[in-house]
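Some notes on the structure that comes next.
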Amino acid sequence: MTSVFAPVIGLRRVFHLEQMTDRGFALLTGGRSCPTRQEVGGWRRHLRWYEVDAFCRRSAPWDLIAGDDALVSFDEHTLPRWTHKFSVPKGYVTTRNKYMRCEKLFYGYHVELDRYLCVQGTPGRTELRDLAVPLTRRVLTGGRPRHLHALFDAGAGKADADVRALLDLVAETPNLTVTLRACRYPHRLRLWKQLPSGLFVAFEEPGPYVGAPTKEIRLAETRTTLKAETEETAVRTIVCREIVPGPKKDRWHPLYTSSAAAPREVLTDFRQRQHHEQAYRIGVHDEFLNASPCGYDKDSPDPRRPRFHRGPLQMIGWLIALAYNAMGDLAVQLPERYHRAHVDTLRRTFFNRSGQVYCTPEALIVYLDPFHEQQALVPLIDAVNAQQRRLPWLENRRLVLSLSPDPSPARGGGP
Amino acid sequence: MSTDVQSYADWLEQAAVPEASLTPAQQQVLHTAFGFLQEAGSDYYSRRFLSHFLLHCRAGLKTAAIARLCGFSRSSAVDHRGLSTKEVVQAAHHRLAGRAHGKLLPRYAGPIAEFVLTHPEASRYDTLDFIQRTWGVSVSRVALHRFLKKYGLDQAGGVAAVPLPGAASPDPEPLPSAPPDAGTAGPVVVTAALPPAADAALPLPPPEFFLPPPSTPAPSCSCPPPSTGWPLPRTASRMPTARCSAGS
């Protein structure tokens, strides 16, 4: 329970439990005193990978995509590791632009609903191309969508064989479409730049900010022959050229796709992958995703070859994803201005509030002190109270959430 | 009590109170009471105030006789006997407010718990007044009783405010115990905690509830002492600024 609620309340590190004396947090996490860091850390370190896999499998929100059209992005999040004692495999960390010790979490993310779907923890040397096909298969078998449109970044297609593996999966799965950004290898880029200008269709898009000049993009459709293949098996390629005014070079965004949709539509779908990247940013800054427990075994006899324990890394990564999903579900039930609100916004506005807790023989009454946005919570609190939830760890007392009768406390006084 | 009483004797006869059995003092009190009824009318509120007066004026009248004189049932008069004047006024106000309207929502439980905890001597009518003032709803006593019972607020001693962090607990007390199953016969035994004062002791569970103390071994004496970091710049020796005479 502590690990579940830690990302919700904003507990940055497990050792911050040493200073935690909040009785409300103790009741929330299943006890009457706050848990110790030793207890929680020990539980985390001894998580078995197969138990974690089973938990992830059973708690995945497949109901979001079952029998429906799904637009799912697959991408990795790299967690840098700073250890000098253990020889942890290295990988490329894009945000730091360096090759360093790291571990990775690969997620499947529904970019239209903004919900995580699945997770896989790996050592740092694993790349997206290694897991692109297995993760897609997992979503297809677990979620059983009517149609799945899978989006990948360029890491899924570093080699032509990786692209072909994805396209082979498309060939054997009728309800699957794949779009991935093509690597901008010089010889390929040279070919795309040589496309006749008549093939390009120009579009205007709004600028990056209000009042900015409009942005021009040009889209062309072509086919790219992969290495050691023939023209018949060439891949449909959408070439997007973003015109940059001034002396700078234009930007080229080629996309391999198995979709038959119009180029503009494919580009629009692919651009929604940015929601996935944004979710990682929220995870890092609001839920402290980078503080997930390390996957290398600190008890390994040889520090130069530490064993890899997937359980702790994947479990905490998945709990953070589930907390993200749950807070997204909560925000949907709030007024519209809170839809798609960030985790820290919800925490600052609604979660970390002071109040009183009354314990009676029948109920645990949580009485929040007045705050300005409390009226937004009234329908939600009424719904929770109507469910008559009980707390098994508190002698099955009924949980009652309560608000202050004063809806709008006076702001700071002034003349 | 019928409203067509014309005389004092008829009033006594209708209430089956023989005049011969009354003492002179009681007769005087009842004469005055009859005059009050003639003047104020025989509506509910007049009769209620009159019965309250007769029950507490130490005239030696029996409760059943007062009930018949004022037109109440005996059981109601027995209930009225235990009320204070303030509660009688509150009851009159509650009746004047008319039919109960509004609903006691579960989210009202927090302010009501706070009221019950800070006003342990408050009557049901005080609580009803608090609800009327706070949310503008008028609920019946029965509804309030059910609400308080549902959330365990019917006994102020059974409510414990979980204290703020940092408060010490010199004398641990358990939280109010949960009731037995609904199917269990017999009265509900509630371990009532004392009404907490401002610096009340924390209600703590038994010691076996808590997690065992951490078993992480302390650093051994052979471990190197923890580093205190680099020395402060002002305590470090100054670097010589004179150039070395390499040629000499």
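Somewhere in region A:364-378, is a residue within 14 Å of another protein chain (Cβ to nearest Cβ), of a type in the set (Ser, Thr, Tyr) and part of a loop (DSSP other than H, G, I, E, B)?
If we filter region A:364-378 for residues that are within 14 Å of another protein chain (Cβ to nearest Cβ), which is where we start, we get A:364-371, A:374-378.
This time we only want the ones that are of a type in the set (Ser, Thr, Tyr), so: A:367.
Of the ones still in play, those that are also part of a loop (DSSP other than H, G, I, E, B) are none.
Looking through region A:364-378, none of the residues is within 14 Å of another protein chain (Cβ to nearest Cβ), of a type in the set (Ser, Thr, Tyr) and part of a loop (DSSP other than H, G, I, E, B).
Within region A:1-52, restricting attention to residues that are within 14 Å of chain B (Cβ to nearest Cβ) and among the acidic types (Asp, Glu), which residue is farthest from A:ARG347 (Cα to Cα)?
The residue in question is A:GLU39.
Looking at (1) on the phi > 0 side of the Ramachandran plot; (2) under 27 Å from the mean Cα position of the chain (by Cα); (3) without any contact (Cβ under 8 Å) to a residue 12 or more places away in the chain, which one does A:HIS339 not meet, given that it meets all the others?
(1)
Can you confirm whether A:THR141 is over 19 Å from A:GLN272 (Cβ atoms) and polar (S, T, N, Q)? Break it down stepwise before answering.
Values: over 19 Å from A:GLN272 (Cβ atoms): yes; polar (S, T, N, Q): yes.
So A:THR141 passes the test.
Kindly provide the set of residues from region A:49-108 that are over 16 Å from the mean Cα position of the chain (by Cα), of a type in the set (Lys, Arg) and either over 21 Å from A:ALA132 (Cβ atoms) or surrounded by 13 or more Cβ atoms within 10 Å (Cβ to Cβ) (or both), ordered by number.
Residues satisfying the conditions are A:ARG58, A:ARG81, A:LYS85, A:LYS90, A:ARG96, A:LYS98, A:ARG101.
Only one of these is touching an Asp or Glu at 6+ places or on another chain (Cβ under 9 Å), of a type in the set (A, V, I, L, M, F, W, C), part of a helix (DSSP H, G or I) and under 21 Å from A:SER59 (Cα atoms): A:LEU131, A:LEU105, A:LEU140. Name it.
Numbers: A:LEU105 fails: part of a helix (DSSP H, G or I); A:LEU140 fails: touching an Asp or Glu at 6+ places or on another chain (Cβ under 9 Å).
So the residue among A:LEU131, A:LEU105, A:LEU140 that is touching an Asp or Glu at 6+ places or on another chain (Cβ under 9 Å), of a type in the set (A, V, I, L, M, F, W, C), part of a helix (DSSP H, G or I) and under 21 Å from A:SER59 (Cα atoms) is A:LEU131.
Which condition does B:LYS86 not pass, out of (1) more than 28 Å from B:LEU128 (Cβ to Cβ); (2) of a type outside the set (A, V, I, L, M, F, W, C); (3) part of a helix (DSSP H, G or I), if it passes all the others?
Of everything listed in (1) more than 28 Å from B:LEU128 (Cβ to Cβ); (2) of a type outside the set (A, V, I, L, M, F, W, C); (3) part of a helix (DSSP H, G or I), B:LYS86 misses just condition (1).
Please indicate, with yes or no, whether at least one residue in region A:293-315 is of a type in the set (S, T, N, Q), surrounded by fewer than 19 Cβ atoms within 10 Å (Cβ to Cβ) and under 25 Å from A:TYR107 (Cα atoms). Spell out the reasoning first.
We begin by selecting, within region A:293-315, every residue of a type in the set (S, T, N, Q); these are A:300, A:314.
Among the residues that remain, those that are also surrounded by fewer than 19 Cβ atoms within 10 Å (Cβ to Cβ) are: A:300.
Filter once more, so that each one left must be under 25 Å from A:TYR107 (Cα atoms): none.
Scanning region A:293-315, I find no residue that is of a type in the set (S, T, N, Q), surrounded by fewer than 19 Cβ atoms within 10 Å (Cβ to Cβ) and under 25 Å from A:TYR107 (Cα atoms), so the answer is no.
Can you say whether A:VAL170 is assigned by TED's automatic domain parsing to the domain that holds A:TYR109 and either modelled with pLDDT of 90 or more or crowded, with 16+ Cβ neighbours inside 10 Å (or both), as far as the supplied structure shows? Even if it seems obvious, please write down each step before you answer.
Working: assigned by TED's automatic domain parsing to the domain that holds A:TYR109: no; either modelled with pLDDT of 90 or more or crowded, with 16+ Cβ neighbours inside 10 Å (or both): yes.
It is false that A:VAL170 is assigned by TED's automatic domain parsing to the domain that holds A:TYR109 and either modelled with pLDDT of 90 or more or crowded, with 16+ Cβ neighbours inside 10 Å (or both).
Restricted to region B:50-95, and to residues that are touching a residue at least 40 places away in the same chain (Cβ under 8 Å) and of a type outside the set (Gly, Ala, Ser), which residue is farthest from B:PRO18 (Cα to Cα)? Quick ask: steps written out before the conclusion?
Residues of region B:50-95 that are touching a residue at least 40 places away in the same chain (Cβ under 8 Å), as a first pass: B:65, B:68-71, B:88, B:91-92, B:94-95.
Going one step further and asking which of them are of a type outside the set (Gly, Ala, Ser), we end up with B:68-70, B:88, B:94-95.
Working: B:ARG68: 12, B:LEU69: 12, B:CYS70: 16, B:VAL88: 29, B:HIS94: 35, B:ARG95: 33 Å.
Only one residue fits best here, namely B:HIS94.
How many of the residues in region A:344-363 are surrounded by fewer than 17 Cβ atoms within 10 Å (Cβ to Cβ) and within 7 Å of chain B (Cβ to nearest Cβ)?
0
Can you list residue pairs whose Cβ atoms sit under 9 Å apart, with the first residue in region A:351-374 being closer than 16 Å to A:ARG397 by Cα and the second being among the polar types (S, T, N, Q) and surrounded by 24 or more Cβ atoms within 10 Å (Cβ to Cβ)? Count only pairs 6 or more apart in sequence or on different chains.
Listed pairs, sorted by first residue: A:TYR358/A:SER402; A:ILE365/A:SER402; A:VAL366/A:SER402; A:TYR367/A:SER402.
Which condition number does B:SER51 fail, the rest of (1) over 28 Å from B:THR127 (Cα atoms); (2) surrounded by 12 or more Cβ atoms within 10 Å (Cβ to Cβ); (3) touching a helix residue (DSSP H, G or I) at 6+ places or on another chain (Cβ under 7 Å) being met?
Unmet condition: (1).
The values are calculated or read from the model by the stated rules, or taken from the named source; none is laboratory data. Everything numeric in this text was worked out from a predicted model, so none of it was measured. In this analysis, Cβ positions are derived from the backbone assuming ideal geometry, glycine residues included, and neighbour counts consider all displayed protein chains.
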